[in-house]
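What follows draws every value from the coordinates through simple rules; no lab data is involved. Keep in mind that what you see is a predicted model, and the values were worked out from it rather than measured. Using ideal geometry, Cβ is built from the backbone for each residue, glycine included, and neighbour counts are taken over all protein chains shown.
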Amino acid sequence: MEKILWIHSMQDFLILWGSQMISSLGSSMTSFALIIWVYQQKGTAISISLLSFFTYLPSILFCFIAGTLADRWNKKRIMLTSDLVAAMGTVLVLTLYSTGKLHTWHLYFVNFLISFMNAFQSPAVYVATSLLVPKEHDVRAGGLHAFSNSLVSILTPALATSVLAFGGLKTVLIVDISTFAVAFLTLLFFVKLPEAAHQIELVKQSFFQNCLDGVRFLRKRRGLLHLIAFFSFINLIAYMTGFNLMPALILARTGSNQVALGLISTALGIGTLVGSILVTVFKPPKNRVQVVLISCAVSFAICNLTWAIGCTVPIWIFAAFAGNLPLPFLNANLMAIMRASVPIEMQGRVFSTRDTLQYSTIPLGLFLGGFLADHVFEPFMQIPSPVQKFLSLLVGSEKGSGMAVMFLITGIVGSLSSLLCLKDPAYKDLEK
C-alpha cells in the first residue's frame with residue numbers, strides 16, 4: 001500500500017521523468033555516435049574534449065541569470081522552448097550530414113546552442129521537480145533520476161553501435177529527433193505543472209536584485225558554500241580525465257575498438273543502475289554529507305586508479321561498474337541536501353548560483369584534460385627518463401599511457417581530498 005501511495009503522489013513527476021528519459025536516450029545515442037565520428041575525423045583527445053567543452057560553457061555563463069528567470073517565468077514554457085531549440089540543433093546536424101557538409105566546428109556550434117538553452121532549462125527542471133515531488137520523497141526522486149541516467153548509459157552503446165552499423169549516423173539523428181517529439185508532446189499535453197505562489201511578487205522586484213538573491217543566500221549558509229566550493233574543485237579534476245578522456249583512453253589503448261568502448265560504457269551504466277536502485281529502496285541516511293564525501297572518495301579510488309593501471313578490457317569493465325556504483329548515493333543525497341536547505345521560492349536562483357560556482361571549473365577541466373593529454377603527458381611517456389620508466393611500470397608505455405598517468409594523478413587527489421573534507425566542521429550545520 002505504501003508503494004502505491006508514493007507512486008500516486010508523484011504521478012505527474014513520473015510521467016515527466018519517463019518521457020525525459022526517452023528523449024535523453026536519443027540525445028545520448030547522438031552524443032556517442034558523434035564522439036566516434038569526431039575521433040575518426042581528427043584522432044586527437046582535444047577534439048573530443050572540445051565537444052564537451054562547448055556543451056558546458058554556455059550553461060555556466062548564462063545560468064546565473066537563468067535561475068532568476070526560472071523563478072519568474074512559467075517553468076513548463078521554459079522547458080518546452082529549450083527542448084524545441086535543442087531539437088532544431090539536431091535537425092541542423094542531420095541536414096549538414098545528409099548534404100555532405102558536416103564539419104567538426106558545426107558540432108561545436110550546435111553544442112554551444114543547446115548548452116545555452118540548457119542554462120534556462122536546468123533551473124526550471126530543478127523547481128519543477130520540487131513542485132511535483134513531496135519533500136519526503138526527495139531522495140527517492142534523486143534515485144529515479146540516477147536510475148534513468150544509468151539505464152540510458154546502459155542502452156546507449158549497444159543501440160548507438162547497432163544503429164550506426166546498420167543505418168549510419170543519419171539514422172541515429174533521426175531516432176534522436178523522434179524521441180524528442182515523444183518528450184515534447186508528453187510535457188505539452190500530459191504534465192500538469194503548478195506555479196509557485198511567489199512568482200508575481202518576484203516580478204515586482206528588481207531583476208538585478210533577484211539575481212543576487214542566490215549569492216546572498218549562500219553567503220549566510222557556510223556549510224552549503226563549503227560543499228559547493230569542494231565540488232567545484234572535484235569537477236575540475238574529474239573532468240580533466242573521467243568521462244572526458246575515457247573514450248580517448250580506451251580507443252587509444254585498444255586500436256579504436258568501438259565494441260570495447262561500448263562494453264565499458266555499458267558497465268558504467270549498469271553500475272549506476274544498481275546504485276540507483278539501492279538508493280531508491282534504502283531509507284535516507286542520517287548523515288547525508290558523510291555519504292556524499294565517502295561515495296566521492298570510493299568512486300575516484302576505484303574508477304580512476306583502475307582505469308590507469310588496468311590494461312585489459314575486463315579490468316576496465318570492472319572499474320566502470322564498481323566505480324560508478326557509489327555515484328547515485330552521492331548525487332541523490334547531494335540534491336536532497338540542497339532541496340532541504342533551500343526554500344522552494346529561492347530554488348531557481350540558489351541552484352543557478354550553485355551551478356555557476358560548482359560547474360565553472362568544468363570547461364577549464366575539459367580543455368586542460370585534452371591539452372595536457374595531447375601536448376604534455378602523451379609525449380612525455382614516449383621519451384625515456386627515470387620518471388617515465390617508473391610510471392611505465394604502472395601504466396605501460398604504449399599509446400594512451402600519458403592519459404593513464406593523468407587518471408592515476410586525479411584518482412589519488414580526488415580520493416584523498418574527499419576524505420580530508422570529512423573533518424570540515426561547517427558540514428555539521430547541514431545535518432541539523
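Taking the Cα centroid of region 329-354 and of region 397-432, what is the distance between the two, rounded to the nearest whole Å?
Centre-to-centre (Cα) distance: 23 Å.
As an exercise, identify the trypsin sites (Lys or Arg not before Pro) in region 206-255 lying in DSSP coil whose Cβ has no more than 12 other Cβ atoms within 10 Å. Can you show the working numbers first?
Numbers: sites: ARG216, ARG219, LYS220, ARG221, ARG222, ARG253; in loops: LYS220, ARG221.
Sparse-neighbourhood loop trypsin sites (Lys or Arg not before Pro): LYS220.
Within region 157-183, whose backbone N sits under 15 Å from a point 7 Å along Cα→Cβ of GLN40?
Of the residues in region 157-183, 160-173 have backbone N under 15 Å from the label point off GLN40.
Please report, to two decimal places, log10 I(q)/I(0) for the chain at q = 0.07, 0.09, 0.10, 0.14 Å⁻¹ as given by the Debye formula with identical point scatterers on the Cα atoms and no solvent.
Evaluating at q = 0.07, 0.09, 0.10, 0.14 Å⁻¹ gives log10 I(q)/I(0) of -0.33, -0.56, -0.70, -1.44.
Considering only DSSP states other than H, G, I, E and B, which trypsin sites (Lys or Arg not before Pro) in region 57-150 qualify as loop sites with at most 11 other Cβ atoms within 10 Å? Don't skip to the end; give the middle numbers.
Working: sites: ARG72, LYS75, LYS76, ARG77, LYS101, LYS135, ARG140; in loops: LYS101.
Hits after loop and neighbour filter: LYS101.
Compute the normalised compactness of region 200-294: alpha-carbon radius of gyration over 2.2 N^0.38 Å, N being the residue count.
Numbers: Rg = 20.4 Å, N = 95, 2.2 N^0.38 = 12.4 Å.
It is 1.64.
Distance between the C-alpha centers of region 218-261 and region 76-136? Whole Å please.
22 Å
Sorting check: for 85-95, 269-279, which peptide has the highest mean count of neighbouring beta carbons within 10 Å, and how do the rest follow? Write down the numbers at each step before the final one.
Working: 85-95: 18.2, 269-279: 22.5.
So the order, starting with the most tightly packed, is 269-279, 85-95.
Quick one: HIS145, HIS103, HIS375, fewest Cβ neighbours within 10 Å first, how do they rank? Don't skip to the answer; put the middle values down first.
Values: HIS145 21, HIS103 10, HIS375 13.
Listing HIS145, HIS103, HIS375 from fewest to most nearby Cβ atoms yields HIS103, HIS375, HIS145.
Given Cα pairs under 8 Å that are at least 6 residues apart, what percent is the relative contact order of the chain?
Rounded, it is 27 percent for the chain.
Modelled label-to-label distance, SER162 and ARG77, 7 Å Cα→beta-carbon offset: nm?
The two pseudo-label positions are separated by 4.1 nm.
Only counting other Cβ atoms within 10 Å, I'd like LEU113, LEU16 sorted with the fewest neighbours first.
LEU113, LEU16
Take each uninterrupted DSSP H stretch in the chain, measure its Cα extent along the helix axis, and return the ones at 20 Å or beyond whose mean Kyte-Doolittle hydropathy is at least 1.6. The partial results should precede the final answer.
On the way: long enough: 11-42 (46 Å, 0.56); 45-72 (41 Å, 1.44); 75-98 (35 Å, 0.93); 104-132 (40 Å, 0.97); 138-190 (41 Å, 1.38); 222-240 (28 Å, 1.52); 258-281 (35 Å, 1.84); 327-341 (21 Å, 0.93); 401-420 (29 Å, 1.79).
Helix filter hits for the chain: 258-281, 401-420.
Give me LEU102, LEU14 sorted ascending by neighbouring Cβ count inside 10 Å, so fewest comes first.
Final ranking by Cβ density, sparse to dense: LEU14, LEU102.
From the helices alone, meaning DSSP H stretches of at least four residues, give me the mean residue ellipticity at 222 nm for the chain, per-run term -39500 (n - 2.57), in deg cm²/dmol to the nearest 500. Don't skip to the answer; put the middle values down first.
Values: 20 runs with 350 residues, N = 432.
For the chain, the value works out to -27500 deg cm²/dmol.
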